[in-house]
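The values are calculated or read from the model by the stated rules, or taken from the named source; none is laboratory data. The structure displayed is predicted, hence computed values, not measured ones. Note that each Cβ is placed from the backbone with ideal geometry, even for glycine, and that neighbours are counted across all protein chains shown. Quick note on the areas: whole protein, heavy atoms, side chains included, nothing else; ligands and nucleic acids left out. Shrake-Rupley method; radii C 1.70, N 1.55, O 1.52, S 1.80 Å.
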Amino acid sequence: MSQGLTRIREQVYKDPRPASYFTRFHERTRTRRPDWVYEAVRVITSLYAWTFFRARGIAADNVPPSGAVILAPNHFSFLDHFFLGAALRRKVHFMAKSQLFKPPMQWVYTHGGVFPVRRGYRDEEAFTTAHAILARGGCLAMYCEGGRSRTGRLGDRARPGVGRLALESAATVVPVAIHGSSHVRNWKRLQFPKVTVRYGTPLRFERVAAPTREQQQAVADQIFDEIKALYGELEAHGRGAVLQRVRAERRDARRGKRAAAA
């Protein structure tokens, strides 16, 4: 465990409940969009994120306003869901570990667009639900590393699942770096880290109906390399410098377009 981090409880990786228990949650997500519960939770958690963690998004307009989109962030904290969606107008569906689906919170999750994945199993139902969301032009978040990092650092390699989904769906993929959330649990010490969410340049991959494991991993690694670059820039230069650079690049791009049109 990295120095300065509050210890994360050991997790129970496999959910002993049968797959049939989660069928109703998948069916709802496949046929319905997030409802008012999503907006209510988003308002409350965004105010919390903005106030205590000074959470800010950079280049959130890199996320297309419509159409099928996969948001691919790193994952340090249980609050990453809320940090990720706070700067976006779109409603984001989240894939969450099945252990979270217990009364009464399972009602909140399913009405808020969250659906379960049974980790440690080959959960094809989760992929079927993800494809249903993307097929109707929805926005889905899928963490590249699978579960949360237990070390407070980015992992060495992505899991192939995000590569599989990107290839099978041909949806736009937006790599996202969430910086600072590894220290969110330090609120217990009255320490509230500054959290920055950096949305990267969208990626597109040609559709492959049945990608091999090697193809899935190659695409997942490419996406994760983008996340590492975004995260590394924030780590090295800080939020302010990155924001200034992004703004300068956009000003230059606008000037270039005006000059070309003149």
- Within the stretch 71-83, track down each residue that is within 8 Å of the chain's Cα centre (by Cα) and either outside any helix (DSSP H, G or I) or β-branched (Val, Ile, Thr) (or both). Leu71, Ala72, Pro73, Asn74, His75
- Within the stretch 174-203, the residues that are in a strand (DSSP E or B) and touching a Gly at 6+ places or on another chain (Cβ under 9 Å) are Val174, Pro175, Val176, Ala177, Thr196, Val197, Arg198, Tyr199
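Within the stretch 100-126, count every residue that is of a type in the set (A, V, I, L, M) and buried (at least 20 other Cβ atoms within 10 Å of the Cβ). It would help to see each step written out before you state the result.
Taking the stretch 100-126 as the starting set, the residues that turn out to be of a type in the set (A, V, I, L, M) are 100, 105, 108, 114, 117, 126.
Retained after the next criterion (residues that are buried (at least 20 other Cβ atoms within 10 Å of the Cβ)): 114, 117, 126.
Result for the stretch 100-126: 3.
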- Search the stretch 204-222 for residues being buried (at least 19 other Cβ atoms within 10 Å of the Cβ) and part of a loop (DSSP other than H, G, I, E, B), and hand back the single one that is farthest from the chain's Cα centre (by Cα). Pro211
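Quick check on the stretch 10-49: of everything there that is aromatic (Phe, Trp, Tyr) and out of contact with any strand residue (DSSP E or B) (no Cβ under 8 Å at 6 or more places or on another chain), which residue is farthest from His237 (Cα to Cα)? Talk me through it step by step, then tell me what you get.
Looking only at the stretch 10-49, we keep the residues that are aromatic (Phe, Trp, Tyr), and these are 13, 21-22, 25, 36, 38, 48.
Next, only the ones that are out of contact with any strand residue (DSSP E or B) (no Cβ under 8 Å at 6 or more places or on another chain) stay: 13, 21, 36, 38, 48.
Details: Tyr13: 36, Tyr21: 47, Trp36: 38, Tyr38: 34, Tyr48: 26 Å.
Within the stretch 10-49, the match that is farthest from His237 (Cα to Cα) is Tyr21.
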- State yes or no: is Arg150 more than 16 Å from the chain's Cα centre (by Cα), charged (D, E, K, R) and surrounded by fewer than 18 Cβ atoms within 10 Å (Cβ to Cβ)? yes
- Item | Conditions (1) out of contact with any Pro (no Cβ under 9 Å at 6 or more places or on another chain); (2) over 21 Å from Ala210 (Cα atoms); (3) open to solvent by 30 Å² or more (accessible area, probe 1.4 Å); number of the one not met by Arg89 | (1)
- Provide a single number: the residues in the stretch 81-131 that are of a type outside the set (A, V, I, L, M, F, W, C), under 15 Å from Val162 (Cβ atoms) and at pLDDT below 95. 2
- Note on the structure: Scanning the stretch 210-230 for residues that are within 15 Å of Ala166 (Cα to Cα) and basic (Lys, Arg) gives Arg213
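So that you can scan it fast, the table gives a plain yes or no per residue for (1) touching a Ser or Thr at 6+ places or on another chain (Cβ under 9 Å); (2) modelled with pLDDT of 95 or more:
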site: Ala177; (1), (2): yes, yes
site: His183; (1), (2): yes, no
site: Lys188; (1), (2): yes, no
site: Lys194; (1), (2): no, no
site: Gly200; (1), (2): no, yes
site: Asp225; (1), (2): no, yes
site: Asp252; (1), (2): no, no
- Message: For the stretch 84-106, which positions are closer than 22 Å to Arg33 by Cβ, part of a helix (DSSP H, G or I) and touching a residue at least 12 places away in the same chain (Cβ under 8 Å)?
- Response: Leu84, Gly85, Ala86, Ser98, Leu100, Gln106
- Quick one: is Leu230 in a helix (DSSP H, G or I), among the aliphatic types (A, V, I, L, M), open to solvent by less than 70 Å² (accessible area, probe 1.4 Å) and free of Cβ contacts under 8 Å to residues at least 60 places away in the same chain? yes
- Query: If the Cβ limit is 7 Å and pairs must be 6+ apart or interchain, which residue in the stretch 120-135 that is closer than 15 Å to Glu27 by Cβ and of a type in the set (A, V, I, L, M) pairs with which residue that is in a helix (DSSP H, G or I) and open to solvent by 20 Å² or more (accessible area, probe 1.4 Å)?
  - Reply: Ala132/Arg30
- Item | Candidate set: the stretch 181-203, residues that are open to solvent by 10 Å² or more (accessible area, probe 1.4 Å) and in contact with a strand residue (DSSP E or B) (Cβ under 6 Å, 6 or more places away or on another chain); chosen: the one nearest to Asn62 (Cα to Cα) | Pro202
- Message: Of the residues Ala68, Ala72, Ala96, Ala141, only one is among the hydrophobic types (A, V, I, L, M, F, W, C) and farther than 25 Å from Tyr48 by Cα; which?
- Response: Ala68
